[in-house]
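These notes concern the structure reproduced below.
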Amino acid sequence: MEEAKGPVKHVLLAKFKDDVTQEKIDELIKGYANLVNLIEPMKAFQWGKDVSIENLHHGFTHIFESTFESKEAVAEYVGHPIHVEFANMFLGSLDKVLVIDYKPTSV
């Protein structure tokens with residue numbers, strides 16, 4: 001199959017450290033959501049908490065999904081000074097993290 005055309009989804013799975021308060025988690029989520037207003041290549045943002053009954057989450061509790069127009073736009077976002085500053089603070093609150101970028105594909 002050839003590579004899909006169109007947007008790129010940037011997905012981050014997270015488990016916050018046990019000593020991070022719910023208030024701090026809420027603050028970090030609001031900060032993450034606000035990046036869409038500060039970094040032009042970021043077109044959309046969604047997040048949620050694990051609600052699966054399968055218990056296959058491997059400890060991850062939260063998911064964050066951002067949408068970009070291209071792989072180059074993701075690279076621009078990753079290197080953007082506002083993202084770098086936020087990521088340093090955000091990642092310091094995490095016990096586990098997994099990041100995957102993909103292009104939605106239909107068969």
Open item on the list: Can you pull out the trypsin sites (Lys or Arg not before Pro) in the range 1-98 whose DSSP state is coil and whose Cβ has at most 12 other Cβ atoms within 10 Å?
Closed with: K5, K17
TODO: Only loop residues by DSSP count here, and only those with at most 12 other Cβ atoms within 10 Å; note down the GluC sites (Glu not before Pro) in the range 34-107 that meet that.
DONE: E54
Open item on the list: Taking 8 Å as the Cα distance limit and 6 or more residues as the minimum spacing, I'd like the relative contact order of the chain as a percentage.
Closed with: 48 percent
Open item on the list: Looking at the chain as a GNM with Cα springs under 10 Å, which of V78, V20, V51 has the largest mean-square fluctuation?
Closed with: V51
TODO: Report, in whole Å, the centroid distance computed from the Cα atoms of the range 4-29 and the range 40-98.
DONE: 5 Å
Task: Accessible surface of the chain [probe 1.4 Å, protein heavy atoms]: carbon and sulfur percent - done: 56 percent
Open item on the list: What would the Debye equation give as log₁₀ I(q)/I(0) for the range 8-102 at q = 0.14, 0.16, 0.18, 0.20 Å⁻¹, counting only Cα atoms as equal point scatterers?
Closed with: -0.50, -0.66, -0.83, -1.01
Open item on the list: Please list, ordered by chain and number, the residues whose modelled amide H lies under 5 Å from the amide H of V8; skip anything fewer than 5 residues away on the same chain.
Closed with: F68, E69, S70
Open item on the list: If each residue of separation counts as 0.36 nm, what is the full-extension length gain between Y102 and D50 once their alpha-carbon separation is subtracted?
Closed with: 16.7 nm
Task: Cut-off 12 Å, label 7 Å out along Cα→Cβ of I63, residues of the range 15-53 by amide N - done: 46-53
Task: chymotrypsin sites (Phe, Trp or Tyr not before Pro) within the range 1-60: DSSP coil, no more than 13 neighbouring Cβ in 10 Å - done: none
TODO: Springs between alpha-carbon atoms under 10 Å, Gaussian network over the chain: tell me which of I39, I63, I53 tops the mean-square fluctuations.
DONE: I53
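The values are calculated or read from the model by the stated rules, or taken from the named source; none is laboratory data. All of these numbers come straight from a predicted model, not from anything done at the bench. No Cβ is skipped: glycine too gets one built from the backbone with ideal geometry, and neighbour counts run over all protein chains shown. Side chains are part of the model used for accessible areas, which takes the heavy atoms of the whole protein and leaves out ligands, DNA and RNA. Shrake-Rupley method; radii C 1.70, N 1.55, O 1.52, S 1.80 Å.
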